[in-house]
Amino acid sequence: MKPWRLTLTNNLVDAYGLAQYMDTYVTRSATFDEIKEFHREDYLEFLQRVTPAKQDKFLIEISKFNIGEDCPIFDGMWDYSSLYAGASLDAARKLVNGQSDIAINWSGGLHHAKRSEASGFCYVNDIVLAILQLLRIHPRVLYIDIDVHHGDGVEQAFYSTDRVMTLSFHKYDKDNFFPCTGNYDEIGVGAGKHHSLNVPLKDGIEDSQYTTLFKEIVERVMLTYKPSVVVLQCGADSLGCDRLGCFNLNIKAHGECVQIVKDFGLPTLVLGGGGYTPRNVSRLWAYETSVCVGAEVTNELPPHTNFKEYFSPDYTLHPPLSREARYENKNTRRTLDLVKTKIFEQLRYINGAPSVQMQEIPPDIGGIQGEFPLLNEQATRLIIEYRGGRAEDRGGGSPQREK
């Protein structure tokens, strides 16, 4: 997850003049205490102390905390992790405070990190931390993940609660594609049973297949679960031509998914995620920023775009990614109908959105109950406010972008 892709993204956002439609903020680092609301202290202390020069002194911890080839040790690892986590926390708080309808943090969305281990280039799970903030006032959070990899860390964190529904669209291969999870049968446990929804896909899915499936499933989930806020992870490795991806999606199709979610009019936290071809990652997230703010942008990159040479030879926002480095499409009408049927079957078990049943707060995934003394009060208050009705429509300010 090299920061170069974020530099290119910010340059495109600025070149298109999109900053004028947003309030932008320089982020702060999340504190140790904020991050330990999900992660274990011994793991965080390791992240703070280890460096490439001293890693030989941490051989036991390196193995224990799953540090390795896809989660290397590098200088500034703790600073990097606390900065992107701080951005997601602040973005979530702007939604909680009604300062924004949509808050964006393209540096966030690191969905693989677990409570006490790194995974898949992810060290701190900023998504879980942000959702815990949203649960202070929102009774139901819908998490949607359109990264090519399964959002396993977020699913695992909320696997036994009905306060969060996770919905992940991803490539699935239990033997050969990281993280080898996310099949139909991962549905949640306890109060969270049927609240973990997985859409396992095969190589080479096309624009129309993906957006049609996405729209039909998300509409049914919204109707059934009735969330009051959405967190949308927009991993760019689901684009065609991604170095680690295997889909044939174009930028407009990926952005159409953002538009579909936006059209529901709920407070929404938009996050980044995977993406390993920086020029296409930046194209996508700049375009999806324009979707979030409702601005039209040209296909031709603005003439004053910095680092324009990285977008050669076409210098456009929408190169034909589905035609380049193309994967064979192994998704048939039958397999996609089966996926949809499996999701709809799960949703039939949810008899309306939780209201009186909302006594349950999220499970104690990381000492959460002890560290959120106000959450019990908030849950009790929400039972009263949401009994027999829905929340009042929430207003807000301008979309936010964390830099």
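The values are calculated or read from the model by the stated rules, or taken from the named source; none is laboratory data. No experiment lies behind these values; they were computed from the predicted model shown. As a convention, Cβ positions derive from the backbone with ideal geometry for all residues, glycine included, and neighbour counts pool all protein chains shown. For accessibility, only protein heavy atoms count, side chains too; no ligands or nucleic acids. Shrake-Rupley method; radii C 1.70, N 1.55, O 1.52, S 1.80 Å.
Of all DSSP beta bridges located in the chain, what percent are antiparallel, nearest 5?
Around 10 percent of the beta bridges assigned by DSSP in the chain are antiparallel ones.
How high is the relative contact order of region 3-352, in percent, with contacts defined as C-alpha pairs under 8 Å that are six or more residues apart?
Rounded, it is 19 percent for region 3-352.
For residue 304, what accessible surface area do you get with a 1.4 Å probe? Give it in Å², rounded to 10.
About 120 Å², ignoring ligands and nucleic acids.
Could you state the accessible area per residue of the chain in Å², with a 1.4 Å probe and every protein chain left in place?
Value returned for the chain: 41 Å² of accessible area per residue.
Just how far, in whole angstrom, is region 247-275 from region 198-228 if you go by their alpha carbon centroids?
The two parts, judged by their Cα centres, are 11 Å apart.
To make sure I understand the rule: partners must be aspartates and glutamates, Cα under 20 Å from the Cα of residue 36, and not fewer than 8 residues away in the same chain. Which ones qualify?
Correct list for residue 36: 45, 61, 79, 90, 117, 126, 152, 155, 364, 371.
Pick out which of 68, 182, 275 has the largest mean-square fluctuation in a Gaussian network model of the chain, springs linking Cα atoms closer than 10 Å.
The residue with the greatest mean-square fluctuation here is 68.
If you look at just the Cα atoms of region 1-66, how large are its Rg and its Dmax in Å?
Just the Cα atoms of region 1-66 yield Rg and Dmax of 17.9, 50 Å.
Looking at (i) 58, 53, 46; (ii) 59, 51, 50; (iii) 92, 40, 37, which value of Cα extents along the principal axes in Å comes from a calculation on the structure shown?
Looking at Cα extents along the principal axes in Å for this model, the match is (i).
Dipole of region 3-352, Cα-centred, from +1 at each Lys and Arg C-beta and -1 at each Asp and Glu C-beta, to the nearest 20 debye?
620 debye
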